[in-house]
Amino acid sequence: MDTPPLRPQFADLAPQSLVITNTGGAVALKLTCLGDPGENTIVRGSKPVSAGIGVCKDFRILGPCPAAMAGSADITSLYTARYGVPKAATKVYVQVNQVVDGWESLPRTYSAIVPAGA
C-alpha cells in the first residue's frame, strides 16, 4: 500500500461524564451518554487513585463502550474485571475515544470519586 487511508470524520462522542454510585457497598460506574456510543467507542481506565490526584496519564484498554440504556452506559463490569471494585473515597479515571479504520480520535478523560456506601 503506497497511500495511507484518509483520516475519517469522527462523530461526536456520546459519553459526556462519569458517575459513580455506591449503594450498600455495590459500586456502579456509568458513563452519561447523549446517545448510543456505537461500536467504535473504546473505554480505557486507570487503577483507583487517591482522591487528591488531579491528573492521570496511565490508562489501559478496558473494552468497547456498552450500549447506553436510559442515558447511561454501565462500565462497571469492564472496570472491575481489570481493577476490581474501587474503594470508597478513591478517584477513578476513565478515558473514551473512537477508533475507526486504525485512526483514533482525541480522547476525553473523566473522573469521579467513589462515594461512601449509603
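The values are calculated or read from the model by the stated rules, or taken from the named source; none is laboratory data. The shown structure was predicted, so the numbers you read here are calculated from the model rather than taken from an experiment. Cβ sites come from the backbone with ideal geometry, for glycine too, and all protein chains shown count toward neighbours.
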With respect to G35, determine if the residue is among the small types (G, A, S), out of contact with any Phe, Trp or Tyr (no Cβ under 6 Å at 6 or more places or on another chain), more than 30 Å from L6 (Cα to Cα) and free of Cβ contacts under 8 Å to residues at least 60 places away in the same chain.
no
As an exercise: evaluate A88 against (1) among the hydrophobic types (A, V, I, L, M, F, W, C); (2) out of contact with any helix residue (DSSP H, G or I) (no Cβ under 9 Å at 6 or more places or on another chain); (3) crowded, with 19+ Cβ neighbours inside 10 Å and give the number of the one condition it does not meet.
(3)
Could you please tell me which pairs satisfy a Cβ distance under 6 Å, a separation of 6+ or placement on different chains, a first residue in region 1-27 that is within 18 Å of K91 (Cα to Cα), and a second residue that is surrounded by 10 or more Cβ atoms within 10 Å (Cβ to Cβ) and among the charged types (D, E, K, R)?
V19/K30
Lone unmet requirement of (1) crowded, with 19+ Cβ neighbours inside 10 Å; (2) in contact with a Gly (Cβ under 9 Å, 6 or more places away or on another chain) for S105:
(2)
Tell me, please, whether a residue that is over 30 Å from R7 (Cα atoms), modelled with pLDDT of 95 or more, within 15 Å of the chain's Cα centre (by Cα) and not β-branched (V, I, T) can be found in region 55-68.
no
Matching residues, region 8-27, being out of contact with any Cys (no Cβ under 7 Å at 6 or more places or on another chain) and of a type in the set (A, V, I, L, M, F, W, C)
F10, A11, L13, L18, V19, I20, A26, V27
Could you please find all residues in region 41-79 being among the polar types (S, T, N, Q) and surrounded by 16 or more Cβ atoms within 10 Å (Cβ to Cβ)?
T41, S46, S72, T76
Test for Y83: is it crowded, with 19+ Cβ neighbours inside 10 Å and within 18 Å of S46 (Cα to Cα)
no
Could you please find all residues in region 93-116 being of a type in the set (V, I, T), more than 15 Å from A73 (Cβ to Cβ) and touching a residue at least 60 places away in the same chain (Cβ under 8 Å)?
V100, I113, V114
